[in-house]
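**Q** One structure follows; several queries about it will come next.
The values are calculated or read from the model by the stated rules, or taken from the named source; none is laboratory data. Only a predicted model underlies this, so the values are computations on that prediction, with no experimental measurement involved. Here Cβ is always computed from backbone atoms with ideal geometry, including for glycine, and neighbour counts include all displayed protein chains. SASA here: full protein model, heavy atoms, side chains in, ligands and nucleic acids out. Shrake-Rupley method; radii C 1.70, N 1.55, O 1.52, S 1.80 Å.
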Amino acid sequence: MSRPDADQLLLDAEADVRPTPQGVAARRALLAHPMLLMVGIVLASLNMRAALASVSPLVGEISDSFGLSSTATSLVTSVPVLFLGVGAMIAPWLGRRFGTELVLFGALLLLGAGILVRVVPSTAALYGGGLLIGVAISLLNVLMPGLIKRDFPDRAASMTSVYTGSMIAGATVVAATSVPLEKAFGGSWEASLAFWSLLAAVAAVAWLPQMLISRGRTGHEVRVAPATAGKTAPRSIWRSALAWQVTLFMGLQSLWSYVLIAWMPTIFTDHGMSRSTAGVIFAFNNLIQVAGAFAVPLLAGRMRSQRPLVALVASLVAAGYVGLMVAPVSGAWLWSAILGVGQGGAVGLALTLIVLRSGDAATAARLSGMAQTIGYLLAAVGPLAAGAVYQMTGSWTVPIALMLGVCAAALVVGLFAARDRKV
């Protein structure tokens, strides 16, 4: 059985839109400036994890400033992740209704606003800003792959690597500089977090010309009704066991990663490490994820069954969590490296499984929406649960043990999801 070309299954949110002559002219004008488009993609991608990664090294100061419990503190990182799932449900509709460029531009403005709202001296603003950030990032997450496929059809794989690498690079730089920025601003964590709204503003400026060039398409498209005459309605993927296995693997690997994004620096500092060092090691963890994110999808595309890769990434993450439990400080660099390869490989594998388990482009679109929506909603539970258990037990041993259970569950569902089957 031949596998579908992965690039053919990266769908644009506007896949059912037929542009009019005005729209075609606007598209040609936009593609006449490919470097401008590439700069916009890179700058937007730098923002896709930055607002999340900037909080983790400073979560202790944020908690002390508002007098938050561990459970309430975990909501600072859980709320954005929760709304990644909520936003994923509306992103395709927005892209079809208003055009991808306009929605991406609006998402960057919303992201910058959310970052600023988050530092207003109010707990409501702290969580409300996180809500805005989560929705904004979800729009970027969902629409960026389709835009790349649409505008770089012959280089979709390489451009996907560019945007993925930029996303991880942004998180790495932000994680490494959050504490130094706090010190540079006189000990103000608010100023350190707010600083990254400038990155979103710069990216929005880079998207402004593209939005203006492409605006001729908005309001000038014709919806393409699917041809259903004589055809059986497609089976709902929500009734497919394989679709649920892919979705659960996506959610569980997201869960273990967002727990680390939320709490890794705190685990180190609670065991006596300085905040600056913890921030640098956390940044190193993000950087190492690039290796897994690049290598594992390439290997997965050459295999009929991806079961060995599922076992590899789950084992690496489990080994890293065990290291954090038994020797969090003395082996910090090693555990961060092992976790980084496992985390990056797992997210790359989860996205690749969506493609490989889909028999056609329409199925891929539906499965991607299901996996991202349910997956991120599941992942949002992780940081909150870990913080609550830590507060109850006063130790990271039990939360990490629970994460080992998550690794085991991901291994089981992943082995089913990795079979050479189609939804």
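**Q** Report in % the part of the accessible area of segment 46-180 that belongs to carbon and sulfur, leaving out ligands and nucleic acids; probe 1.4 Å.
**A** 71 percent
**Q** How about segment 272-363: which trypsin sites (Lys or Arg not before Pro) there are in a DSSP loop, with at most 15 other Cβ atoms within 10 Å of their Cβ?
**A** Listed in order of number, the matching sites are Arg302, Arg304.
**Q** I need the peptides 405-412, 105-112 ranked by packing, meaning the mean over residues of other C-beta atoms within 10 angstrom, with the highest value on top.
**A** Packing proxy ranking, top to bottom: 105-112, 405-412.
**Q** If I compute solvent accessible area with a 1.4 Å probe over the protein chains, what percent of it on segment 303-423 is carbon and sulfur?
**A** Its accessible area is 74 percent carbon and sulfur atoms.
**Q** Need one word for segment 264-423: rounded, prolate or oblate. Basis is the Cα gyration tensor (sqrt eigenvalues a ≥ b ≥ c); a/c below 1.5 gives rounded, then a/b vs b/c decides. List each step's numbers first, then the result.
**A** Working: a/c = 2.27, a/b = 1.79, b/c = 1.27.
Judged from the Cα gyration tensor, segment 264-423 comes out prolate (a/c at least 1.5, a/b above b/c).
**Q** When the scattering of segment 330-423 is computed by the Debye formula from its Cα atoms alone, each counted once and equally, what is log10 I(q)/I(0) at q = 0.13, 0.15, 0.17, 0.23 Å⁻¹?
**A** For the requested q values the scattering log ratios are -0.59, -0.75, -0.91, -1.28.
**Q** Okay, next question. What is the distance, in nm, between label points placed 7 Å from the Cα along the Cα-to-Cβ direction at Phe66 and at Ala191?
**A** My value for the distance between the label points is 2.2 nm.
**Q** So, in nm, how far is label Trp93 from label Arg419 when the simple model puts each one 7 Å beyond its Cα toward the Cβ?
**A** In this crude label model, Trp93 to Arg419 measures out at 3.5 nm.
**Q** How high is the FRET efficiency from Leu36 to Ala319, r the C-beta distance, R0 51 Å, rounded to 0.05? Show your work: numbers first, answer last.
**A** Working: r = 44 Å, r/R0 = 0.86.
Once the sixth-power term is evaluated, E becomes 0.70.
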